[in-house]
Structure formats: structure tokens, C-alpha cells
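The values are calculated or read from the model by the stated rules, or taken from the named source; none is laboratory data. All of these numbers come straight from a predicted model, not from anything done at the bench. No Cβ is skipped: glycine too gets one built from the backbone with ideal geometry, and neighbour counts run over all protein chains shown. Accessible surface areas use protein heavy atoms only, side chains included; no ligands, DNA or RNA. Shrake-Rupley method; radii C 1.70, N 1.55, O 1.52, S 1.80 Å.
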Amino acid sequence: MRLLVAALPWLALQGAEPELRASVDRDQLSVGDELVYSVQAVSRSASPLQVRIPTVNGFEVVGRTERSSVSHLGGPSRATTLELRLRALRAGTWVIGPAKAVQDGEEIVAPAISVKVDEPPGVVALAANPALRSLLDRAAAPAKPGEPAVSLALSARRGAVGEQLEVLTAAWFPRELRVRLRRPPTLQPPVIEGVWSYPQPVPSGIAATRLVGGTLYDLFVAHQVVFPLRPGRIVVAPAVLKYSVPLALQFFSQEERYTLTSAPETLTVAATPVEGRPAGYAGAVGRDLRLSRSVEPATARAGEPVSVAFELAGEGNPALWPAPEIDWPEGVRAYPDRTDESPRVSHGRLGGAKTFRFTVVPDSTGTLALPGARYDYYDVAAGAFRSAALPADRLVVAPGSEALASRPLPPALLASRGVPLARRVAGALPFSAWLLLLAAPPAVLLGRRMRLRRRRRSAAPAPPDSVGLEAEVETLVRELAPAPELLADGGLVAGLRAAGVPAPTATRLVAVRDRLRELRFGPAGGSVPPELAREARELLEVLRPHRHRTARVGAGYVAAGALLLLAVARPAAAQAPDPASLYERGALYAAASGFARQVDREPRDPAAWYNLGATYYRLGQDGRAAAAWLQARRLAPRDRTIARALDLAPPPEAASAGRLWAPPVAWVELALVALGLWAIGWVLLVIRPRRRELAIGLVLLAVLIGAGALALHLRDRRALGVLLGATPLQLSPHERAPTLAPLEPGSAVLQVRRQAGWALVNAPGGRLGWVPADSVFLLRSL
């Protein structure tokens, strides 16, 4: 009885029929995609189990995996799993199966599975694009049937600048060779210089099948639409085909790599005709272009921005359409915004729309004039110039909202005080005058010492001559007191004292002069006594600095007066409308234009820059406001009003704040202080030799201050710019280039170079990238 109970499970297993299940990982896919078909058979018997592969239509087998397992735990059992990796070849609804398994002469059947295969997007485009079908039929077949090849097919070998041309690259693979490939071949279309290229959608797998010389070929294609940019001869480089063929049937066998190239082609491009070209033609090429305008929002308010968009639509390459010339009327403040492109393909022809956006802010209520436009273009198909016209329109502007003032106003406007005195003096002195002022004092001192040395060497011991000595004394007296013959002895002493000569010295000089005159003109004439000659020489040496100082003081007064007149005198400027009243009335855009004219007329006036920045701040353009205020601070570094205004528009990050830091003194002021100390030090060396230490200290201090002024001047001469608005830092100078980082308004950047409307800048953080050149305001060293 126990043996019977123990044998019941084994008998039950022996009587159980095998199980067979079939499944797919997905039941809908596109041509060229792959799926996995799995068949699993489970039996309670250890007998061999054979699984038969079902018929597969519409697919090709790209991989096969089969595994079996036998277990004796709890009774014998066998499991067999078969997996097929299938690639869809044709569109349609295909049935896979039924799958079958045979064990001990008994057959089990698993139901068939239906799978739907759709056409890929490239095949849909191929069916809807007659030009692509024509190019595919025109592709050159392999010269040697049975071997792979790659060829180019052009829609035309002659065209015009801006005309659409098409290039097809076809790779030909024999079917027998293609089924041996483990991976699809790599097809590289030609790189064509001098054209604007658009890749077009094509089938991801086999695009077509052709029979060439009894050999069945599968075609892989690449399609591109090109627009020539310049006239002349354009060479289409060869296309490249790369593939690898296994050397054996094993999965891990080595592969042999092959590379094939096509023959090059040549395009002959004609220039746009000159005859009949309109005066406003800017190079646009298209067909049936239409120009329209849209305003958003539809209702405008004073002081609030309005977006005005001009859309150009038609057939052609939107990327090559230049912006229309918009002639905004006087009183309308418009600023270019972004440009959007929407290319699309219809029946094989590229076209689409390009939208040019402007931001318009009305100053006051009333009627806002929206200008019309005329867009000239060349129609290649018609061989003539056409134009798209748009009439002018008007927009009613309602009063502005009272809830807009949500931030503090900038400090009051500054009254124009003209150019700061230091900059006027520095601007009045040419570079040669600076060099002269620096080199003249040392040269004078050196010349004086050389003259004294020559005089001492040439002096020979000889009896003093009364005539020569009396003449020297007389010359000294006349230099210190003009017209001494009109003065008595007492009056002459007073005149000498007025010239700065001490009273005892003046009395001695008058006495020596009288004695010398007696020796020369009196009856007791003759040689001068040695005591008298020695006393006269001493007086000449003592009073020589007074004589030179008197001459220098007079000349200095004259030079200083001339310099002051030259620095302060300015031509009377033409009277212009004062924009301050416009600012107070709220006509901010008109006020900004007025302050901008003041800046253009006198760029060294800090009040004009500050007022321009205050107007921009009230308009909400913080980047422009910060740039104008920073320029004003360079001109007037200690102005408290400018400092308070800069607190309203601080730099967006610490790196920009470090670059925009400015010292409380301008380099011009330091340079003038250094020049003054330099001159005083050398003058002391000339007229006060006993104060040599003080004079040398002043000269050294002047050198230190001058070095600081030079360092500040070189720092101000850096190509330091301020971003006027939010600007993306781009990888290359192109509108569609990848964005490296967004930059905030007011960010400080160092310009490296400019190129065709773009600027390569060193952004905060040391990042290099490109920004539009008109988005950066470069601070100037005025």
C-alpha cells in the first residue's frame, strides 16, 4: 500500500501532457525594426523534446538562441526554450506560427501570432516625394553585378544661387552579401562646400530592391537638399560606404572591413542676374513669398511693451531670407527681438516661414503707427524678380496701468556740469606736452649744472675788470628792479626788496653798484680792488636764484594762464531740446534719445551718462542702465548720486562685481597729481639745493603715483563689456549653435575679438563663448 501511494505522483507526471507556449515582445513595429519570438516547451518526461521552427513571412532571422534543461528533482522534467530575433522586411500584417513540439510521437501545437508591420517615416516620405523617387530611379547601378557599390545622383548639374537642388547617395548591396552582415552598413553622404544643406528623412533600412544582371540588390539611401550660396563651380565630394563581413559563420568570428567611395560630381551655379534687380534687393531667393504682420497683445497700453511680428512665408530656404527693411516712423521706439524659423517640406520642395519679431513700447496714449514693408526676392522658377508688399497700419494705445511702479525710482537727474576739470586739462595737453613736462625739469637742472662746470673751468685768475664787473651788477639790478635810473638809492633798495631780496643784501648791492660806477666813470678810475670784487661776486652768486625765479615766475604765470584758457575754453554748443522735461512727463523713450544725443555730443560728461542710465532703468532695461551708470562712475568716481544709482542695478554675481570694481579716484587725477609733484620736486632741486631730501622725496612720490595712474589707465583700457540683456553664451558664432550657459543682464564680460556681428567673450567663471556683438556695451576709457 505504501509503495502505491509513493508511486501516485510519478504516475501522474507520466500521464501529464507537455505544455507549449509562444509569445512576442511586441506585436506592432516598423519596417527595419526587430522583435523577439519565443517558444517554450515544458514536459514531465525525460524523453527528447523536439521544437519545430514556424514559418516566418515578411521577416528575416537575424539571431537564434536555443537552450534545454532536464531536472530529476521531484520527478523527471524537461524544458526547451527557442528564441528568434526577427527583423521586419515589408509592411503588412504577418502571421508567425503555429509553433509545434514533438515528444514520444506526440505533437503539441501553439497558436499562431499576428504582428502588424508599418511603413517607416522614410518610406512614407519616399512615396510622397516624387523628386526622391526620380532620384532613386536615376541612381547608377553597380558596374560589376554581384559586387556592392555606392553612387551619387543629382537632381540637376546646373542651378542658380539659392535654388533648391537635391543629392541622393545610394548604397547597393547584393542580397546574399547583406544577409551575412551582423550590423547595417555605414553610409556617409558627401560634404559639399559652398552650399546650405538640409538632410531629408529616408527609410532607416532597405529603401528599395533592384535586379541588376540577375543579382538581387538591396538599396540603402541618404537624401539631402542643398542651396548654393555662391556662383561658380562647386565640387560634390565622394560619398563613403563602410561595412564589415564575417569571415566564418560563428558569432564571434573575425570580420573583414571594406570601404567604398563614389565618383565625385560637379555643380555649375549661376549668379543672380543684375538686370532688373530692384534697389532694395538684399539677396532673397524664393517662390510665392507672402509678408504678414501680427501684434500681440491686441490692445496696447502706454509704457507697456508690444510684440510686433513680421512673418515671411513661401517656398525656399527660410534660413537664407534676410530681414525686411522696416522704416519705423519718428516717435516709434522699436527694438529687434528674436527671429524664428519654421522650415517644412511639401511634395519634395522646401519652404516654410520666418518670423522677425520687434518689441515696441509706446511712450504715450494715442495712435501708434505700424509701418508697412516691401520685400524684394528673386523667383528662380520664373527667372524674374518679385516683391511682397504689406500696407501700413495703426494701433490704438490706451492709458498705462497705474500698478506698474513696483520698484524705487532712481535718484534725481544730474545737472550737466560739463567735462570734469581734470579730464579737460588732460585733454588739452597733447602727448608731446606730457613728454615735455616730464623731461624739461631734469633737462634744465642738468643743463644748469653743466653750464656752471664749464664756467668754473674757463674762469682764469685775472685782475678784475671794473667795466665787466660793473656791467654784471648793473644787469642783475635791472632784472630785479626795472628802470633803476629813475629811482634814488632809497627807492632802489625798496624795489629790490619788492623783488624778494633781503634788506641788508639790497643795501649792500646798491653800495657795491655805486662804488663800481665811481671806479668806471669817476676821475679815480682803474682796477677794482680785490675786496670790492670779492664782495660783488658774492652778491651775484647770492642773488642769481632770485633773478631766475623772477623770470620763471613771470613765464610760469603766462604759461599757466594760457593752459587754463585752453583747457576751460569750449566752443558754444548748439542748443538742443532738453530731454529732462520729457523725462519728467514720462516720455521715456524720447528722453532716452535726447540723453543719447547728449552722450554722443560730449561723451566725457558724467551727468549725460547718468541721466541716460536713469531713463533706461525706468524703462525696465536694467542691463543698459547699469552700463550707462558704470560709464558715468568712470568719469566721476566719487559722485554719491551715481553710487546710489548703481545700488539699484547690482552685478548678477560676484565675478562680475570684481571685474566692475572701480577705485575712488580716476587715473587722470592721479596723473595730474603726479605731474605736479614731479615739477615741484625738480624746481626745488634747482632753486633750493639745500632742500635736496625734500625734493627727492617729492620726485619719488610722483613716480609712485604715476605708476598707479598708469596701472589704472591700462585697467580701464581693457575690452570690458556689460551685457545689455539676458543673452545665451553660445558655442559658435551662429544663431543655432548650442548654448553653453545663460548670462544675466549686467554681467561683465571681457571681449577677446569680434567677427561678423558676433563677439567672442570671456564670461564670468572663465567660460569662453560667443554672444551677439550688439548685446555687449564696451566701457570706454575717455
*Work out from phi, with θ = phi - 60° and the Karplus expression 6.51 cos²θ - 1.76 cosθ + 1.60, the ³J(HN,Hα) of each residue of region 681-688, listed in order in whole Hz, and give x for Gly and Pro.*
x, 6, 5, 4, 5, 7, 9, 10
*List the lysines whose alpha-carbon lies under 20 Å from that of residue 144, not counting same-chain residues fewer than 8 positions away?*
242
*Would you work out the relative contact order for region 613-666, in percent, from Cα pairs under 8 angstrom that are 6 or more residues apart?*
34
*Using DSSP to define loop residues, name the GluC sites (Glu not before Pro) in region 222-303 whose beta-carbon has at most 13 other beta-carbon atoms within 10 Å.*
275
*May I ask you to rank 108, 234 by accessible area, largest first, using a 1.4 Å probe over the protein chains only?*
108, 234
*Just name one of 637, 670, 648: the one whose Cα is farthest towards the positive end of the charge dipole of region 613-685 (beta-carbon charges, Lys/Arg +1, Asp/Glu -1).*
648
*Which whole number of Å³ per residue matches the convex hull of the alpha-carbon atoms in region 678-739?*
110
*asked:* With a cap of 12 neighbouring Cβ atoms within 10 Å, and only residues DSSP puts in a loop, list the trypsin sites (Lys or Arg not before Pro) found in region 622-673.
replied: 638
*Go through 541, 83, 176 and list them by solvent-accessible area, largest first, probe radius 1.4 Å.*
176, 541, 83
*How big is region 678-782 by the Kirkwood estimate over distinct Cα pairs, in Å?*
16.6
*Contact order relative to length of region 181-298, as percent, for alpha carbon pairs under 8 angstrom and 6 or more apart*: 26
*Which ³J(HN,Hα) values, rounded to whole Hz and listed in residue order, are derived for region 775-780 from phi using the Karplus coefficients 6.51, -1.76 and 1.60 in 6.51 cos²θ - 1.76 cosθ + 1.60 with θ = phi - 60°, glycine and proline given as x?*
8, 10, 9, 8, 5, 10
*Give the long-range amide H neighbours of residue 200: residues separated by 5 or more places, or on another chain, with amide H under 5 Å away, using H modelled in the peptide plane at 1.01 Å from N.*
223, 224, 225
*Net charge contributed by nearby residues that have their C-beta within less than 11 Å of residue 412 (K/R +1, D/E -1)*: 0
*Quick one: order 136, 320 from most to least accessible surface, probe 1.4 Å.*
320, 136
*So what is the relative contact order for region 665-782, in percent, with contacts set as C-alpha pairs under 8 Å and at least six apart?*
22
*Assuming a ≥ b ≥ c are the square roots of the Cα gyration tensor eigenvalues, decide whether region 132-184 counts as rounded (a/c under 1.5), prolate (otherwise, with a/b larger than b/c) or oblate.*
prolate
*Cα-centre dipole for region 146-252 with unit charges at Cβ (Lys and Arg positive, Asp and Glu negative), debye to 20*: 140
*Dipole magnitude (debye, nearest 20) for region 639-782, charges at Cβ of Lys, Arg, Asp, Glu*: 600
*What is the set of long-range amide H partners of residue 361 at a cut-off below 5 Å, with H atoms built 1.01 Å from backbone N?*
306, 333
_√(5λ) per eigenvalue of the Cα gyration tensor, region 253-368, largest first, Å_ = 43, 22, 12
_Simple Cβ-charge dipole of region 294-344, Lys/Arg +1 and Asp/Glu -1, about Cα centre, in debye nearest 20_ = 140
*Whether region 565-705 is rounded, prolate or oblate, judged on the alpha carbon gyration tensor where a/c under 1.5 counts as rounded*: oblate
*Please give the net charge around residue 268, taking every other residue with its beta carbon less than 14 angstrom from that of residue 268, where Lys and Arg add +1 and Asp and Glu add -1.*
+2
*asked:* Rounded to whole Å, give me the distance from the Cα center of region 636-658 to that of region 129-162.
replied: 65
*asked:* Net charge within 15 Å of residue 737 by Cβ-Cβ distance, Lys/Arg positive one each and Asp/Glu negative one each, not counting residue 737 itself?
replied: +1
*Considering amide H positions built from the backbone, and no H for Pro or chain starts, which residues 5 or more places from residue 301, or on another chain, come under 5 Å of its amide H?*
398
